[in-house]
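Worksheet for the structure shown next.
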Amino acid sequence: MILSPAERSYLYDSLIQKPTIRPDSRAEHQMRPLEAKTSFLPGSNGSARIRLMDGSECIVSVKAKVVVAAKEANLIECDVDVVGFRDNSNFVSNLKFNLTNLLQQNFPSDYLRLTSKYSFKLFIDCIVISHSSYPLTLISLTSYLALKTTKLPLLVSETNDEEIAELPTFSDDWDNAKPIADYFKGKGKEFQPPIFITLGYVGSNLIFDPSVEEEQVLENGLIVTFYNNKVITPIANMNLAVNSNNSNFKGLNQTAIIKSIQMGNKFGGAIIRALDALIEQDDDNDAIF
Amino acid sequence: MNVSDVISITRPTPATIDSDVDMSDDESTQVKLSIVTPGEMVTDDPVWMKGHGTYFLEDKTYSSVAGNISRVNRLLSVIPLKGRYQPETGDHIIGRITEVGNKRWKVDIGCKQDAILMLGSVNLPGGVLRRKSESDELQMRNFLKEGDLLNAEVQTIFNNGIASLHTRSLKYGKLRNGIFLRVPSNLIVKSKNHSYDLPGNVSVILGINGYIWLSKTTNSSHNKNMTVNSNANKINASGDPSYVPGAGSVAITRLEEESSWEIYSDKNDPNITNSVRSNITRYNNVIKALAYGDLGITEQRIIMGYEASMAFSNVGSMIDKDAMESICQDVINNEKMRG
């Protein structure tokens, strides 16, 4: 994506205005509209798909497996596949690292424990079918939906297997399966996976969810993590215009980081509420197109 | 704070399949009428010649695209409903330079092959009319470089389908002071004129290839008419003996005065007000809404959509699906009322 010098300077001048004027007239805290669908893959425990108006699309599938807890380093494993990029490319491994790191640190995987010996292990597979802007937010919102709608089969055997060694057995009836959220509720905790919010820094403005044109003129990009109704670490900065050299790219003023945390705290909750509202509305009709 | 101010999430609308479609194939010996889909048999009569958009298997002709059947004598072709832009001579288009080559630029105009802009088909700075020399060849990047946007006219189509462009008029050339967007090319209705001044001090160029340029209205576009008028006045007042045709008048193209290096400058107008900038974004959203509703894009519809968009105090909410649908509905209703 190359912009002509005139386009670039027009866009930059518009974005640094106060209040900022974005090309699609979004407010600085406004995300692009999404179209989402959950639980449509028959072969996985949880699935979700998000599409954007510009044709970006991401599908996430969550699968669970019973493992011997002591033999596993992590009870969550993520894989990211971006169409058009090699799996070992920098771009894909960065996305994969970000997502894995986020979930391994902030996902209370103790709750996945079945018995003292056995546990569930979650495999989160993300496919980005097409994307224009940096896809980390897209991936994290889709995996939020997928994790929230993941159902795990009902355990019928004893939870205490310290004396008698036995393999966990599950109810044959899939209708008995419980959403992951129920495992948490029993322990008095709300289940809410963490998400990433991408922000662009230009002039002294911070803009949510920059589009691909906006990314080209940003002075810096910030990735903020939102979990349990507040911004947490990791907070990272990076050049979001990955496929071209961004001549505007500069260092980051520390006040921008503070402001990004404030904005994340203020508006992140709305994103979570919108995602939760969608899950509640989503019925089981199979229309995914 | 309202959740919809931050993000809007919708569910996909299920595709409605009309089950009443008559699937019977009794008239398969004749050529079917109207619309066909890819892989659908058009005819099993081998006398037809196979044209564009068709393929031939075991004495039967099938459609390879979704579109209308067209028959010219014995030639059978399918004209696609949607697809890449197909250039025609005389089209006013917008393109982006992709490559600077030997005496030519390659230009992306959204068709199958990149178009060509020959060094000989552009105006030189200063408007000097002469053969292009080797020194012009060496400074081609000073005129146009990779990424630059320009509007141009299709001069000819070569045998291999590549379009050749020219910018030999002051209304063509490099684009400044605005933003670019693209819509499917089939939505642009061909007309005599493709650049318009819209209310709110905004100009639009609707390239026939579906590339659209929204910018601040510059004064020169008004002067153009003025110049022509003043010339016409002089000619009309031919009672004046001092008037020699061509002498006192400004040259009709005003090439010398206007095409200094400025025509290839990358500098935007420094005085673009915030209201013009927000009008441009509003038009941007209106055009995107029209494209979302699959409505043909014309000057009138853009203006009607702009007026309908005034109902949205917060222009940012216009990017939601519902808002775009309501704008399209408003435009359609408005057209119905006007008849």
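The values are calculated or read from the model by the stated rules, or taken from the named source; none is laboratory data. Keep in mind that this is a model prediction, so the values were computed, not measured. All Cβ positions, glycine included, derive from the backbone under ideal geometry; neighbour counts span all protein chains shown.
Every residue, every condition in (1) buried (at least 24 other Cβ atoms within 10 Å of the Cβ); (2) out of contact with any strand residue (DSSP E or B) (no Cβ under 8 Å at 6 or more places or on another chain), yes or no:
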| residue | (1), (2) |
| --- | --- |
| A:Asp81 | no, no |
| A:Asn88 | no, yes |
| A:Phe107 | no, no |
| A:Asp110 | no, yes |
| A:Asp125 | no, no |
| A:Ile129 | no, no |
| A:Leu138 | yes, no |
| A:Ser143 | yes, no |
| A:Leu152 | no, no |
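The rows are residues; the columns are (1) in contact with a Cys (Cβ under 7 Å, 6 or more places away or on another chain); (2) of a type in the set (A, V, I, L, M).
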| position | (1), (2) |
| --- | --- |
| A:Ser61 | no, no |
| A:Val66 | no, yes |
| A:Leu75 | no, yes |
| A:Asp87 | no, no |
| A:Ser93 | no, no |
| A:Lys96 | yes, no |
| A:Leu102 | no, yes |
| A:Asn106 | no, no |
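Among the candidates A:Lys230, A:Lys250, single out the residue that is charged (D, E, K, R) and more than 21 Å from B:Ser8 (Cα to Cα). Lay out the reasoning, then the answer.
Details: A:Lys230 fails: more than 21 Å from B:Ser8 (Cα to Cα).
Just a single option satisfies the conditions, and that option is A:Lys250.
Mind telling me which of the residues B:Ser265, B:Ser260 ends up being over 22 Å from B:Gly207 (Cβ atoms), exposed (fewer than 14 other Cβ atoms within 10 Å of the Cβ), touching a residue at least 40 places away in the same chain (Cβ under 8 Å) and among the hydroxyl-bearing types (Ser, Thr, Tyr)? Even if it seems obvious, please write down each step before you answer.
Working: B:Ser265 fails: over 22 Å from B:Gly207 (Cβ atoms).
Of B:Ser265, B:Ser260, the one residue that is over 22 Å from B:Gly207 (Cβ atoms), exposed (fewer than 14 other Cβ atoms within 10 Å of the Cβ), touching a residue at least 40 places away in the same chain (Cβ under 8 Å) and among the hydroxyl-bearing types (Ser, Thr, Tyr) is B:Ser260.
Residue pairs, Cβ under 6 Å, 6 or more apart or interchain, first in the range B:322-339 and assigned by the TED database to the domain that holds B:Leu295 and surrounded by 12 or more Cβ atoms within 10 Å (Cβ to Cβ), second assigned to a helix (DSSP H, G or I) and hydroxyl-bearing (Ser, Thr, Tyr). List them.
Close Cβ pairs satisfying both conditions: B:Ala323/B:Ser317; B:Met324/B:Tyr292.
Are there any strands (runs of 3 or more DSSP E) wholly within the range B:140-192 with 3 or more residues that are within 10 Å of chain A (Cβ to nearest Cβ) and surrounded by 19 or more Cβ atoms within 10 Å (Cβ to Cβ), and if so which? Walk me through it before giving the result.
Working: elements: B:149-157, B:163-166, B:178-182.
The strands (runs of 3 or more DSSP E) meeting that bar are B:178-182.
If only one of A:Gly200, A:Gly269 is over 21 Å from A:Arg8 (Cα atoms) and modelled with pLDDT of 90 or more, which one is it?
Details: A:Gly200 fails: over 21 Å from A:Arg8 (Cα atoms).
So the residue among A:Gly200, A:Gly269 that is over 21 Å from A:Arg8 (Cα atoms) and modelled with pLDDT of 90 or more is A:Gly269.
Out of all the residues in the range A:20-39, which are acidic (Asp, Glu), at the interface with chain B (Cβ under 7 Å from one of its Cβ atoms) and touching a residue at least 40 places away in the same chain (Cβ under 8 Å)?
Matches in the range A:20-39: A:Asp24 only.
Restricting attention to the range B:193-206, does a residue exist that is more than 14 Å from chain A (Cβ to nearest Cβ), over 29 Å from B:Gly126 (Cβ atoms) and among the small types (Gly, Ala, Ser)?
No, the range B:193-206 contains no residue that is more than 14 Å from chain A (Cβ to nearest Cβ), over 29 Å from B:Gly126 (Cβ atoms) and among the small types (Gly, Ala, Ser).
Pick out the one residue from B:Gly90, B:Gly53, B:Gly39 that is touching a residue at least 12 places away in the same chain (Cβ under 8 Å) and crowded, with 16+ Cβ neighbours inside 10 Å.
Answer to the check: B:Gly53.
A:Gly46 - would you say it is touching a residue at least 24 places away in the same chain (Cβ under 8 Å) and touching a Pro at 6+ places or on another chain (Cβ under 9 Å)? Can you show your working first?
Working: touching a residue at least 24 places away in the same chain (Cβ under 8 Å): yes; touching a Pro at 6+ places or on another chain (Cβ under 9 Å): yes.
It is true that A:Gly46 is touching a residue at least 24 places away in the same chain (Cβ under 8 Å) and touching a Pro at 6+ places or on another chain (Cβ under 9 Å).
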